[in-house]
Amino acid sequence: MKELEIKGRRVRVVKGDITTYEGEAIVNAANNRLLMGGGVAGAIKRKGGKVIEEEAVRKGPIPVGSAVETSAGNLRARYVIHAAVMGMDFKTDGEKIRKATRSSLEKAKELGIKSIAFPALGTGVGGFPLKEAGKIMWEEVKKHLEGDTTLEEVVFYLYTPEAYEEFSKALEEGSNGT
C-alpha cells in the first residue's frame with residue numbers, strides 16, 4: 001500500500017475489492033443511465049444489493065461527467081457515488097474521467113463526507129489506459145485536497161496488480177513537490 005499526505009489529508013493506493021471499503025463512500029464507474037452491469041458496477045450491485053441500482057436509475061439519466069449519490073445497500077460504506085464516466089456507447093476519454101472524478105469529489109463535499117474510495121474510472125469497459133487514468137484522477141484529487149473540502153481520506157481501490165502499479169506510479173510521480 002502506498003500513502004501520502006496533502007494538507008494533513010491522507011491519500012492511499014490499495015490493491016483490493018472496493019466493495020470491502022469501510023469508509024463513508026465508494027465511487028461507482030457508471031454509465032450515464034446508471035444501469036449497473038459488469039465491472040465495478042456489477043460487483044457493487046452483487047454485494048450491495050439491487051436496491052442500489054434501483055435508486056440510481058430513478059436519478060438518471062445524468063450528463064456524462066456528473067455524479068449522483070445513492071445509499072450503499074448491504075455495503076459497509078454509507079453512500080455509493082455514481083460517476084458517469086461514459087454514455088451508453090461505453091466510450092470514455094480523459095476529459096470525461098477528469099469531470100467524473102471532480103464531480104464525485106464535489107458530491108462528497110456536498111454530503112460532508114470525510115472518506116471516499118475510487119476505482120480506476122473508465123479503465124474497464126471504457127478501455128481507457130490505466131497510466132493516463134491514474135495521472136488524471138490523481139491531479140483532480142490533489143487539486144481538491146489542496147482546497148476547501150470535508151475529505152480527510154481518499155483511497156484509490158484497485159482490483160488488479162496492473163492497476164495498483166500504474167496508480168502507485170501516478171501518485172509517486174505526481175506527488176513530487178507536495
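Observations on the model:
- Max mean-square fluctuation residue, GNM over the chain, Cα-Cα springs under 10 Å, options 160, 19, 149: 160
- Only helices enter this figure: runs of n ≥ 4 DSSP H residues, each worth -39500 (n - 2.57), summed and divided by the residues of the chain, yield -12500 deg cm²/dmol at 222 nm to the nearest 500.
- Annotation for residue 5 and residue 71: the two label points, set 7 Å from Cα along the Cα-Cβ direction, are 3.7 nm apart.
- 25 Å Cα-Cα threshold exceeded, pairs from 45/142; 47/142; 45/96: 45/142; 47/142
- Model label points for residue 109 and residue 78, set 7 angstrom from Cα along the Cα-to-Cβ axis, are 1.8 nm apart.
- Checking the cross-link pairs 2/107; 50/91; 2/59 against a 27 Å limit on the alpha carbon distance flags 2/59 as lying beyond it.
- Where labels lie 7 Å past Cα in the beta-carbon direction, separation of residue 91 and residue 132 in nm: 1.3 nm
- For the pair the stretch 1-71 and the stretch 111-178, the centres of their Cα atoms are 13 angstrom apart.
- Cα-based shape type of the stretch 88-178, given that a ≥ b ≥ c are square roots of the gyration tensor eigenvalues and the cut on a/c is 1.5: oblate
- Cross-link reach list, aspartates and glutamates versus residue 15, counting only Cα pairs under 13 Å and skipping chain neighbours closer than eight places: 3, 162, 165, 166
- DSSP H segments from the chain that extend 18 Å or more along their own axis, Cα-based, with Kyte-Doolittle mean of -1.0 or above: 130-146
Readers should treat all values here as calculations from the given coordinates under stated rules, not as data from a laboratory. Bear in mind the structure is a predicted one, so any value in this text is a computation, not a measurement. Cβ: placed from backbone, ideal geometry, glycine included. Neighbour counts: every protein chain shown.
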